[in-house]
Amino acid sequence: MRLLRHLALASLVTLSAPVFAADKDMSPYGTAKVDMHAFKTINRVYDVNYPDVQHLNALAGFITNVDKVVPGKSVVVLHGPEIRVFAKENYEKYQATVDKMAALSKAGVEFRMCNNAMHGSGFEAKDIVGFVTVIPAGFAEIVDLQAKGYKLIMPTVTAVKDSRYIDHPELKQAVAPELKQTTVK
């Protein structure tokens, strides 16, 4: 019986050794590697159909971040309720968002709007801001661009900002003063 206890204790110590040998960061898996490699040229088509027009703001950030590191063309195909944001009659209401999209357009991002969705929304081409091109059909445009080598991106909007603090809200308090010091100059 005594031998059995000693074997059990030895097994427990041996099995828990990797946990105790972990780095100071409380993980038995070490620290992430960093691979900030360059990307080859990749043309992209963004399939956009957002019920919540606020998602266009996140899309603008997403496209900007991708375009910084991935050379190639970006085409946004609009074919959902977000179409109303691009209507001239709604410019005042959505000015900040439209201005972000216009800045992307000026930087080379193409905006193409589905004719079917536009008409289904009650708009005509004359109602839409000038940096958007109306095309026959959104899905057909996406398929055509894919046939030309464009890679499909279906950007799902989920916020990652500050997600670290969901599990550790106390860290946000500790980091916040440092952030203020580095951003205020």
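The values are calculated or read from the model by the stated rules, or taken from the named source; none is laboratory data. Bear in mind the structure is a predicted one, so any value in this text is a computation, not a measurement. Neighbour counts run over all protein chains shown; Cβ positions are idealised from the backbone, glycine included.
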Exclusive hit being in contact with a Lys or Arg (Cβ under 7 Å, 6 or more places away or on another chain) and of a type outside the set (Val, Ile, Thr), set ASP99, ASP127, ASP144 | ASP127
Take segment 145-164 and flag every residue that is at pLDDT 70 or above and either more than 30 Å from ASN49 (Cα to Cα) or aliphatic (A, V, I, L, M) (or both).
-> LEU145, ALA147, LEU152, ILE153, MET154, VAL157
Options ALA125, ALA107, ALA137, ALA87; residue that is of a type in the set (Gly, Ala, Ser) and within 24 Å of the chain's Cα centre (by Cα) = ALA107
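Would you say TYR46 is farther than 18 Å from THR133 by Cα, of a type outside the set (A, V, I, L, M), in contact (Cβ under 8 Å) with a residue 60 or more places away in the chain and in contact with a helix residue (DSSP H, G or I) (Cβ under 8 Å, 6 or more places away or on another chain)? Steps first, please.
Numbers: farther than 18 Å from THR133 by Cα: no; of a type outside the set (A, V, I, L, M): yes; in contact (Cβ under 8 Å) with a residue 60 or more places away in the chain: yes; in contact with a helix residue (DSSP H, G or I) (Cβ under 8 Å, 6 or more places away or on another chain): yes.
Against the criterion (farther than 18 Å from THR133 by Cα, of a type outside the set (A, V, I, L, M), in contact (Cβ under 8 Å) with a residue 60 or more places away in the chain and in contact with a helix residue (DSSP H, G or I) (Cβ under 8 Å, 6 or more places away or on another chain)), TYR46 does not qualify.
Kindly provide the set of residues from segment 59-74 that are hydrophobic (A, V, I, L, M, F, W, C) and surrounded by 18 or more Cβ atoms within 10 Å (Cβ to Cβ), ordered by number.
From segment 59-74, those hydrophobic (A, V, I, L, M, F, W, C) are 59-60, 62-63, 66, 69-70; that's our starting set.
Within segment 59-74, LEU59, ALA60, ILE63 meet the criteria.
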Check on GLU110, without any contact (Cβ under 8 Å) to a residue 40 or more places away in the chain, of a type in the set (D, E, K, R), under 21 Å from ARG44 (Cβ atoms) and surrounded by 18 or more Cβ atoms within 10 Å (Cβ to Cβ) = no
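Conditions (1) more than 24 Å from ALA38 (Cα to Cα); (2) aromatic (Phe, Trp, Tyr); (3) outside any helix (DSSP H, G or I), marked per residue:
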residue: VAL85; (1), (2), (3): yes, no, no
residue: GLU92; (1), (2), (3): yes, no, yes
residue: THR97; (1), (2), (3): yes, no, no
residue: MET118; (1), (2), (3): yes, no, no
residue: VAL134; (1), (2), (3): yes, no, yes
residue: ALA140; (1), (2), (3): yes, no, no
residue: TYR165; (1), (2), (3): yes, yes, no
residue: GLU170; (1), (2), (3): yes, no, no
State which residue is farthest from the chain's Cα centre (by Cα) when the search covers only segment 60-77 and only residues that are more than 13 Å from ASN43 (Cα to Cα) and in contact (Cβ under 8 Å) with a residue 60 or more places away in the chain.
-> VAL77
Counting only residues in segment 138-162 that are in contact (Cβ under 8 Å) with a residue 40 or more places away in the chain and among the small types (Gly, Ala, Ser), the one surrounded by the fewest Cβ atoms within 10 Å (Cβ to Cβ) is identified as ALA159
